[in-house]
Amino acid sequence: MAGHQPNPDPVPAVDAHDYLKLVFNPDGTVTRGLDFATTPAEPDPDQPSAVRTKDVPLDPTHNTWARIYVPPPSPAPDQKLPLIVYYHGGGFVFVTPSATVNHDFCSLMAAKLCAVVVSPSYRLAPEHRLPAAYDDAVEALRWVRTAEDEWLRERVDFSRCFLMGTSAGGNIAYHVGLRACGAAAADLEPLVIRGLILHHPGFGRSKRTESEVRFFNNPTLPVNGADLLWELALPAGADRDHEYCNPMSVDRSEEWERMKVKGWRVVVVAGGGDPMIDQQRELAAQLEAKGVDVVRIFGGEGDYHGVEVMEPAKAELLVEKLKGIV
């Protein structure tokens, strides 16, 4: 019908708790019922042309660790390679770098971009609410810059570092980038960040956006499911206009100015079928209005939240577009 407007308060098609398979325990922890396939690291594969991977500990007190991906030796084996620090998704509540979808995505990037990828874990909510994940993510960067690991020392050009993340990981990459523009920058030397790659970054706000209404019952990420994840991840009592969730709720002009001065390139990858697309578009537009070098890679409505992590063919297409950036 002409002029038909979507219902601004849609009825959920699924129960968020059942959809996410979460059981809430009396002590404030959750039992996670979703089963994510995992892939072990392979430090010495039989095929010399394969990407090598291994797991290394980060902070034993927080039980954090990282998976390192190193591409096959190039014709110049002593060539130093760019570094991608990749933060995985999972709504701040689920999975680790060993999840097969994350492992395969990082392996593809290492191989096709000829880059070393470090994918750190971080403490999960609700047992560890934000900013715990941000703190762990920054600590991972400090570990990278001081690590004596031979894979990093032999292969990485520390002057070419990119922060990347998918979904909640994209949110983490953005907030780590904000910190790295400020007081944390000196703590990261000789690591030099060149840009952010925000892959379907997870943001929100209290007032529903048009895309959230339109894709409210999207089967990949129903909006009431995202609501529950934010409820678990944000500081107790915070709503979705908290700065961790809504990037427009706080004036970031100073940090964005530093991004511009440092010459960072901010890549925003989004799908037209993602309920969060309006927030992602707005962030890209605001950054660009402040003079930041922004690259938009926006797909059509068939591209749901995190599609490239789920579909290898689309991952290949994305990585091709990133070749001129990394």
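The values are calculated or read from the model by the stated rules, or taken from the named source; none is laboratory data. Worth saying up front: this structure is predicted, and the values here are computed from it rather than measured. For neighbour counting, all protein chains shown are included, and Cβ atoms are generated from backbone atoms with ideal geometry for every residue, glycine included.
The figures follow:
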| quantity | calculated |
| --- | --- |
| Test: Ser107 is on the phi < 0 side of the Ramachandran plot, in contact (Cβ under 8 Å) with a residue 24 or more places away in the chain and crowded, with 24+ Cβ neighbours inside 10 Å | no |
| Boolean, Val267 is at pLDDT 95 or above, over 28 Å from Pro12 (Cβ atoms), β-branched (Val, Ile, Thr) and surrounded by 20 or more Cβ atoms within 10 Å (Cβ to Cβ) | yes |
| Top-ranked residue in segment 255-291 [being acidic (Asp, Glu) and in contact (Cβ under 8 Å) with a residue 12 or more places away in the chain; ranked as nearest to Lys207 (Cα to Cα)] | Asp278 |
| Of the criteria (1) under 23 Å from Ala315 (Cβ atoms); (2) out of contact with any His (no Cβ under 6 Å at 6 or more places or on another chain); (3) β-branched (Val, Ile, Thr), which one Thr166 fails | (2) |
| Criterion violated by Gln280 - all others in (1) surrounded by fewer than 20 Cβ atoms within 10 Å (Cβ to Cβ); (2) touching a Phe, Trp or Tyr at 6+ places or on another chain (Cβ under 8 Å); (3) of a type outside the set (A, V, I, L, M); (4) at pLDDT 95 or above satisfied | (1) |
| Subset of segment 270-326 [of a type in the set (Gly, Ala, Ser), part of a loop (DSSP other than H, G, I, E, B) and closer than 29 Å to Glu243 by Cα] | Gly271, Gly272, Gly273, Gly291, Gly299, Gly300, Gly306 |
| Arg129 vs. criteria surrounded by fewer than 23 Cβ atoms within 10 Å (Cβ to Cβ) and touching a Phe, Trp or Tyr at 6+ places or on another chain (Cβ under 9 Å) | yes |
